[in-house]
Amino acid sequence: MRIFDPHVHMTSRTTDDYQRMHAAGVRAVVEPAFWLGQPRTNVGSFLDYFDALLGWEPYRAAQHGIHHHCALALNPKEANDPRCAAVLAELPRYLLKDSVVAVGEVGYDSMTAEEERAFEAQLALAQENDLPVLVHTPHRDKAGGTRRTLDVVRAAGIPPVRVLIDHLNEMTVGMVAESGCWMGFSIYPDTKMDPDRMVALLKQYGTDRMLVNSAADWGRSDPLKTREVADVMLAAGFGEDDVDRVLWRNPVTFYGQSGRLDLRTGSEAGADYAGNTIKRG
Ligand SMILES: [Zn+2]
C-alpha cells in the first residue's frame with residue numbers, strides 16, 4: 001500500500017514519526033505552512049520557516065524514504081498581525097521554488113477583514129504562479145465559514161479544480177462537492193473526522209476529488225491516521241484500487257497540477273536528495 005499524506009506538519013513531528021509513517025506505507029507528504037503556536041513578530045521568522053520547509057525538512061524526510069513537498073503562504077491566524085502580513089510581499093519569489101506545489105494554507109480563522117484581504121491576495125498569487133491552493137476552513141461556525149470561503153473562491157475566478165477546501169465534515173462536504181473544488185478531510189484522534197465517519201462519507205460521496213490527511217502538528221494528532229482510513233476502507237468493502245485512488249492517486253492528481261511534483265525513486269531519487277543537500281547549504 002502506498003500513501004500520500006496531502007497535509008501534515010512534519011516540522012512539529014519527530015524522526016520516529018517519519019519511521020513509523022514509512023513502515024505504514026507513507027511515501028509522500030505535502031507540508032503546508034502554518035501557525036507554529038508561538039506568534040511570529042516579524043517577516044524574517046516566516047522566511048527562515050519557509051527555508052526549512054524547502055531545505056531541511058525534505059532532507060530529513062528523504063532519509064526515511066519519504067518524498068516531501070510544501071505549500072507556502074501567510075496562514076489565516078497570523079494574517080491578523082500587521083507585523084506578519086508584510087510577508088505577502090516576499091511570497092512571490094518563494095512560490096517559484098521547485099518543491100512548492102501549492103499556495104497554502106490560506107483562508108479564514110476568525111473571519112476578519114484582514115484574513116479576507118490576505119486570502120484574496122494569495123488566491124491571486126496562486127493564479128499568477130499557476131499553482132493549486134490549499135484552503136483551511138475555520139473550526140468555529142464551520143458551515144458559515146465554509147460558505148463564505150466558497151464565495152471568495154468563486155469571486156476570485158480561480159478554477160475550482162485547482163482548489164482544495166480542507167478540514168471538512170458531514171455539515172460542509174455537500175456544498176464543497178457541489179462547488180467542484182477538491183474535498184479535504186483531516187482525521188484526528190478526538191475531534192473533527194474519525195476513520196469510520198470518513199469511510200461513511202466515501203460511501204456516500206464516492207472517491208472522486210476526495211483527499212484524506214492527518215493534519216498532524218504540535219497538537220494532539222496522529223500521522224498514521226491516513227493508514228487507519230485505508231484499513232477501515234478495506235474492512236468496509238472498498239477495493240485496493242479505491243484505497244490507492246483516495247490515498248495516492250488523488251493527491252498526486254491535485255498537487256500534480258503544479259507541474260512540480262517529483263516522486264522519482266531509486267537512483268534518480270538519490271540525485272534529488274543530493275540536490276536538497278546542496279539547496280540546504
Ligand atoms: Zn494544517
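Data overview
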| read-out | value |
| --- | --- |
| Unique match (being among the small types (Gly, Ala, Ser) and within 14 Å of the ligand (Cβ to nearest atom)) among ALA71, ALA79, ALA62 | ALA71 |
| Residue match in segment 8-21 (condition: of a type in the set (Ser, Thr, Tyr), within 16 Å of the ligand (Cβ to nearest atom) and within 27 Å of LEU74 (Cβ to Cβ)) | yes |
| Identity of the residue in segment 28-49, open to solvent by less than 10 Å² (accessible area, probe 1.4 Å) and of a type in the set (A, V, I, L, M), that ends up nearest to the chain's Cα centre (by Cα) | VAL30 |
| Counted residues, segment 2-20 - those being in contact with a Lys or Arg (Cβ under 8 Å, 6 or more places away or on another chain) and open to solvent by less than 10 Å² (accessible area, probe 1.4 Å) | 4 |
| Residue that is farthest from LEU234 (Cα to Cα), among those in segment 172-194 that are part of a helix (DSSP H, G or I) and open to solvent by less than 10 Å² (accessible area, probe 1.4 Å) | VAL176 |
| Of all residues in segment 52-82 being assigned to a helix (DSSP H, G or I), touching a residue at least 60 places away in the same chain (Cβ under 8 Å) and over 16 Å from the mean Cα position of the chain (by Cα), the one that is surrounded by the fewest Cβ atoms within 10 Å (Cβ to Cβ) | TRP56 |
| Filter result for PRO138 (part of a loop (DSSP other than H, G, I, E, B), open to solvent by less than 20 Å² (accessible area, probe 1.4 Å), on the phi < 0 side of the Ramachandran plot and within 16 Å of the ligand (Cβ to nearest atom)) | yes |
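Residues are listed down the side, and each one gets a yes or a no for (1) of a type in the set (Ser, Thr, Tyr); (2) surrounded by fewer than 21 Cβ atoms within 10 Å (Cβ to Cβ):
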residue	(1), (2)
GLU105	no, no
GLU116	no, yes
THR149	yes, no
GLY157	no, yes
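The values are calculated or read from the model by the stated rules, or taken from the named source; none is laboratory data. All figures in this text were calculated on a predicted structure; none of them were measured in a lab. Quick reminder, even Gly has a Cβ in these numbers, built from the backbone with ideal geometry, and neighbours come from all protein chains shown. Note: areas computed on protein heavy atoms with side chains; ligands, DNA, RNA excluded. Shrake-Rupley method; radii C 1.70, N 1.55, O 1.52, S 1.80 Å.
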